[in-house]
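The structure appears below as structure tokens.
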Amino acid sequence: MEHNPKLVSSEVAALWGAYMQNSMAYCTVQHFANVNEDSEATDLIQTALTNCNFVIREVKQIFEKENHAIPIGFTQEDVNLNAGRVYSDLFTLRYIKYMASAGAAAASAFLEVLARKDIREFFSATSEMFIKLYNNACELLLKKGAFIRSPTIGPMEKAEYLHSESFLSGLIGKHRPLTAIELAHISKNSETNSIGRTFVGGFSQTAKSPEVRKFMERGLEIAAKHETVFRKILLEDEVPMPSTWDSTISQSIDAPFSDKLMMFHTLSLNELSVAGYGAAIGASLRKDLGGHYTRLVAEILQYGNDGVILMIENRWLEQPPQNIDREALRNRRV
């Protein structure tokens with residue numbers, strides 16, 4: 001017997017999110033491609049565009065087949081290809097590396113809640129594409145000597161069990177050295193924070209709306225504060241500081257992106273920060289680290305909530321697919 005199951009909620013959510021993120025990234029990388037002067041990066045940028053376009057096209061075909069509304073997402077109206085350079089070519093490579101990593105992680109994470117074979121195959125292919133793009137971006141950054149590595153620690157002399165609860169200390173007085181896992185999360189969250197700081201720095205000088213510029217300036221302050229927290233943790237632990245991320249921003253005030261796209265991109269990075277900080281809370285056994293992350297999460301959650309309100313006020317926030325409002329249907333019969 002032939003079985004033709006309809007899309008379930010988790011599959012709709014995964015497809016809708018993939019369309020939104022990739023239509024946004026496609027517009028972003030289009031601008032990068034238009035101003036790129038690094039011949040070594042041309043193929044990588046083109047691959048990023050091809051990957052995003054593949055996701056957009058495939059999701060559109062699936063939704064059309066299922067009679068599901070196609071998301072509005074982001075279009076050529078959200079990118080100005082005549083705008084001059086805002087970010088450096090090196091930042092473009094780092095953005096593609098980060099975007100590819102986030103895309104692969106999102107596609108892989110959704111697999112466990114996907115039932116239909118065609119949807120699983122689509123997200124499996126998507127994950128593989130972005131993993132390949134990530135590795136290619138890493139190789140190019142390494143070749144250029146521009147790959148920012150995590151802090152280095154000495155080799156562990158022997159494996160042993162913990163014998164004291166002092167391992168969990170850190171709120172008051174002297175604390176134990178950071179573990180490799182804790183350092184990995186600090187490094188990852190610093191990278192996300194730095195990418196976001198660079199982006200909102202450019203957004204703050206190119207946004208057309210005064211409210212959006214003010215929102216981006218607030219984001220810059222938050223990012224600087226969070227970077228200071230992470231750097232202080234490393235300094236206190238006498239961990240060698242990694243090189244800073246390239247944050248070169250031109251003096252251009254000609255916006256390459258719409259205010260709608262800039263706001264959505266900022267909120268997307270905000271969501272990745274919340275996820276990263278949440279994972280770090282679960283993996284950090286030193287109590288002071290949990291305290292730092294909890295405080296920082298609260299701050300960016302409030303920032304993100306204010307951003308959502310600003311987008312709704314400007315009718316920039318697209319409504320995600322949702323369950324049928326049964327109460328509203330019942331009230332229509334009254």
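The values are calculated or read from the model by the stated rules, or taken from the named source; none is laboratory data. Since we're looking at a predicted model, the values are computed, not measured. FYI the Cβ positions are ideal-geometry reconstructions off the backbone, even for glycines, and counts take in every protein chain you see. Heavy atoms of the whole protein, side chains included, go into the accessibility calculation; ligands, DNA and RNA do not. Shrake-Rupley method; radii C 1.70, N 1.55, O 1.52, S 1.80 Å.
What to note about this one:
- If you plug the beta carbon distance of Lys65 and Lys208 into 1/(1 + (r/R0)^6) with R0 = 30 Å, you get a FRET efficiency near 0.20.
- With only the Cα atoms considered, segment 229-334 has a convex hull volume of 179 Å³ per residue.
- With eigenvalues of the C-alpha gyration tensor scaled by 5 and rooted, the chain, Å: 34, 26, 23
- Shape summary: segment 69-206 maps onto an equivalent ellipsoid whose semi-axes, from the alpha-carbon gyration tensor, are 36, 24, 17 Å in decreasing order.
- The residues of the chain expose on average 55 square angstrom of accessible surface per residue, using a 1.4 Å probe on protein heavy atoms.
- Counting only lysines at least 8 places from Lys65 when in the same chain, those with an alpha carbon closer than 18 Å to its own are Lys6, Lys117.
- Peptide packing: for 95-105, 34-44, the average count of neighbouring Cβ atoms within 10 Å per residue gives the ranking 95-105, 34-44, highest mean first.
- The peptide list 47-56, 257-266, 132-141, put in order of mean Cβ contacts within 10 Å with the highest first, becomes 257-266, 47-56, 132-141.
- Mean projected area of the convex hull spanned by the Cα atoms of segment 179-275, taken over all viewing directions: 6.4 nm².
- Pairs from Lys143/Lys232; Lys60/Lys97; Lys208/Lys260; Lys158/Lys188; Lys188/Lys232; Lys97/Lys132 whose Cα-Cα separation, in the structure shown, is over 19 Å: Lys143/Lys232; Lys60/Lys97; Lys158/Lys188
- Nonpolar atom fraction for the chain, defined as the carbon and sulfur part of the 1.4 Å probe accessible area, stands at 54 percent.
- Spatial separation of Cα centroids for segment 187-265 and segment 29-98, in angstrom: 21 Å
- Amide N of segment 61-92 lying under 20 Å from the label point, which is placed 7 angstrom from the Cα of Gln251 along Cα→Cβ: 83-89
- Once the Cα atoms are used to define both axes, helix 259-283 deviates from the longest principal axis of the chain by about 50 degrees.
- Using alpha-carbon coordinates, inclination of helix 180-206 to the longest axis of the chain, degrees: 50 degrees
- Highest average packing first - 15-21, 273-279, Cβ atoms within 10 Å: 15-21, 273-279
- Helix 117-143 axis, angle to the chain major axis (alpha carbon atoms, nearest 10°): 50 degrees
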